[in-house]
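The values are calculated or read from the model by the stated rules, or taken from the named source; none is laboratory data. Model, not experiment: these values are computed from the prediction. Note: ideal-geometry Cβ built from the backbone for every residue, glycine included; neighbour counts use all protein chains shown. Areas reflect the complete protein model, heavy atoms only, side chains present, ligands, DNA and RNA absent. Shrake-Rupley method; radii C 1.70, N 1.55, O 1.52, S 1.80 Å.
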Amino acid sequence: MKDELQIAMADLDEERTLMLVEERVKAGYSSGEIIESCRRGVEVVGEKYSDSHYYLSDLIMSEEILKGVMRILEPYIPTNGAVKGLSIVMGTIEGDIHDLGKNIIIYLLRSSGYQVHDLGVDVTPERFIQAVNETKASILGISVLLSFCIGSIKKVVDLLVDAGLRDKVKVVVGGYPVNQEVKEFTGADFYANDVTEAMKIYREILEIKENLV
Ligand code: B12
């Protein structure tokens, strides 16, 4: 079935995208469902960019539209103020400045009561380890969109081992190019490339940790 929102996003039709988002919010779609349609739309933007049908300016346009989508959605994302006893460190790996997906996940985690330390983008493996040490985080979330940056995630996991922290921290990798193979190559515990899967993983980790206390 054709998803009009996905198509409007893929066509970089800002007005129509934002109108459809408004409509879907009113019709009771969840934020996760709406974000997913948009994410699939920008996936097409990426493909068109690879085929040279779109240019860098079009990638930038997709960023602008996605930010507009999040501005509409933010007031509707349910919040659960009860602070959960887990601290999470998140960042985009060294060399990569993509942060829209990471920011969406952080927003949803904070809305669900998790304490998230956002390290931003282009984060070195050493900085991730320093942050885990400083915050005593039990979950490390690493975002990656550029395939050639995946190797640096492996370095983060190796440094966690060297620091004697590997069994204290669950590593979750996320982003467009991640899959089971990336999870195995990097030594991460979980991977996710959509909102639903990401939130499911964080809930699962929370349950595991609570059962250990
Ligand atoms: C928007 C965009 C940009 C914007 C980024 C703006 C920003 N502030 O993030 C700009 C214009 C800056 C940009 C720049 C570049 N980009 Co770009 N970009 C994209 C595009 C079109 C969409 C990315 C996006 O925001 N998606 C929407 C979000 C919601 O989805 P997401 O990021 O996947 O996140 C979701 C999940 O993956 C998951 N998730 C994400 N992170 C995490 C983390 C954790 C812990 C968890 C659990 C889950 C999770 O949850 C999110 C919500 O569903 C993609 C295409 C694509 N298929 O992804 C290309 C793409 C990623 N870019 C690409 C390229 C090549 C570049 C440039 C090198 C272009 C250039 N010549 O300069 C530069 C690189 C700059 C750099 N050093 O990082 C390529 C990468 C190819 C590759 N395989 O490596 C892609 C795939 C396009 C393509 N097909 O060629 N880009």
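Couple of notes before you dig in:
- Heavy-atom surface analysis with a 1.4 Å probe gives the chain a carbon and sulfur content of 53 percent of its accessible area.
- Loop-located trypsin sites (Lys or Arg not before Pro) in the range 116-213 (DSSP state other than H, G, I, E, B) with a sparse environment of at most 15 neighbouring Cβ atoms within 10 Å: K136.
- For the range 39-50, the Karplus equation 6.51 cos²θ - 1.76 cosθ + 1.60, evaluated at θ = phi - 60°, returns couplings of 4, 5, x, 6, 4, 5, 4, x, 5, 5, 5, 4 Hz by residue, with Gly and Pro reported as x.
- Charge dipole (Cα centre; +1 on Lys/Arg Cβ, -1 on Asp/Glu Cβ; no other charges) of the chain amounts to roughly 800 debye.
- Tensor-based shape of the range 69-213 (alpha-carbon gyration tensor, a/c under 1.5 rounded, otherwise prolate or oblate): oblate
- Centroid-to-centroid separation of the range 42-78 and the range 156-213 [C-alpha atoms, Å]: 26
- Placing unit charges on the Cβ atoms of the charged side chains and taking the dipole of the range 4-76 about its Cα centre, the candidate lying farthest along the positive direction among M9, V42, V25 is V25.
- Probe 1.4 Å, protein heavy atoms only - accessible area per residue of the range 97-176 in square angstrom: 44
- Across the range 164-207, the relative contact order, built from alpha-carbon pairs under 8 Å that are at least six residues apart, equals 36 percent.
- Proximal lysines to K2, defined as alpha-carbon separation beneath 19 angstrom and excluding residues fewer than eight positions away on the same chain: K48
- Projecting the Cα positions of T124, L165, A192 onto the charge dipole of the chain (unit charges on Cβ atoms of Lys, Arg, Asp and Glu, taken about the Cα centre) puts L165 furthest along the positive direction.
- For the range 87-212, the number of Lys pairs with C-alpha atoms closer than 19 Å, counting only pairs eight or more positions apart or on separate chains, is 20.
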